[in-house]
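Here's the structure we're looking at; comments come further down.
The values are calculated or read from the model by the stated rules, or taken from the named source; none is laboratory data. In this text the structure is predicted, and so the values were computed from the model without any measurement. Note: ideal-geometry Cβ built from the backbone for every residue, glycine included; neighbour counts use all protein chains shown.
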Amino acid sequence: MSKLVLIVAIFVATVLTSRPVFPSTNQLNAAPNDDVIAGIKALHRSPEKEMARLKSLLDENKSAAKRHEWLYLYALGKEKRGEYDEALSLAESSINDVYASSLMQQRAKLLKAKILESLNAKLETFENSSNEFCIAMIDIDFFKSINDNYGHKMGDDALRLFSYIARQIFPDHVDMGRLGGEEFLFIFHKSTERQCVELLDDFRKLLKTAACDQLSEEISLTFSAGLKEINSPHTTTACLEDADKALYEAKESGRDQTVIFKCL
């Protein structure tokens, strides 16, 4: 089965198995129409050209009946590019759209699962202390106040800036993914606690400067992080719980800092 056929099959299965949570007059068609299928094909044949077309349609038609289909295809294109955080932002921002609700909820779940699948795979292949690595659970500080005081567009811009700076500063051996909202998970392969703390501190400084320049001088974009070193076999749940405990401590003790999880 080709990759294109598989994607179309997944799309059909998603739509057919999604339960409508809105009136029947607003339901997405139970099967992908010709426009959606053509859009999926175009994303594979000429991805940049199709993404430009979709962006133009979305910018120029804020309330068109087919907007939910363009949003789905545009998020799919972002995912295909490897821009998972932006794809997730699109999916989450569209969940309240009655046309796109059930479809985008499924897409958001799939995107959130990617970073967790990476962590699970890393743990499954862990053999000894020579394979040690670290994870960081990160939460943007006072993100709700950015949305409340400056609007949701500014909040979306802050998330995009966070993701962009992270991709620029971190080396290839760092996996990054968004867990939803303003919470992220980073996996540092073959890195010590000290190295991770230094990398996160450098990221923190650059993010503050970039936020002042590109968002607003009034916004100080900071984050709290809980760091967990894995040097022995662990379950995914245990790793996340330990990192979350360290994150909680970082937030409770003043935010804008990294706290390393320590066993009692």
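Kindly evaluate Glu50 against the criterion of being at pLDDT below 80 and surrounded by 12 or more Cβ atoms within 10 Å (Cβ to Cβ). Here the answer is no, as Glu50 does not meet what is asked.
For residues that are assigned to a helix (DSSP H, G or I) and surrounded by fewer than 17 Cβ atoms within 10 Å (Cβ to Cβ), tally how many sit in the stretch 140-155.
Total satisfying the criteria: 9.
When Leu161 is tested against (1) under 18 Å from Leu119 (Cα atoms); (2) within 20 Å of the chain's Cα centre (by Cα), only condition (1) is not met. From the list Ile169, Ile187, pick out the single residue that is at pLDDT below 90, β-branched (Val, Ile, Thr) and within 21 Å of Cys134 (Cβ to Cβ). So the residue among Ile169, Ile187 that is at pLDDT below 90, β-branched (Val, Ile, Thr) and within 21 Å of Cys134 (Cβ to Cβ) is Ile169. In the stretch 49-63, the residues that are more than 11 Å from Tyr74 (Cα to Cα) reach residues that are assigned to a helix (DSSP H, G or I) and of a type in the set (D, E, K, R) with C-beta atoms within less than 7 angstrom, at least six apart or across chains, in these pairs: Asn61/Arg67. Remark: Val36 falls outside the filter, which requires a residue to be at pLDDT below 50 and assigned to a helix (DSSP H, G or I).
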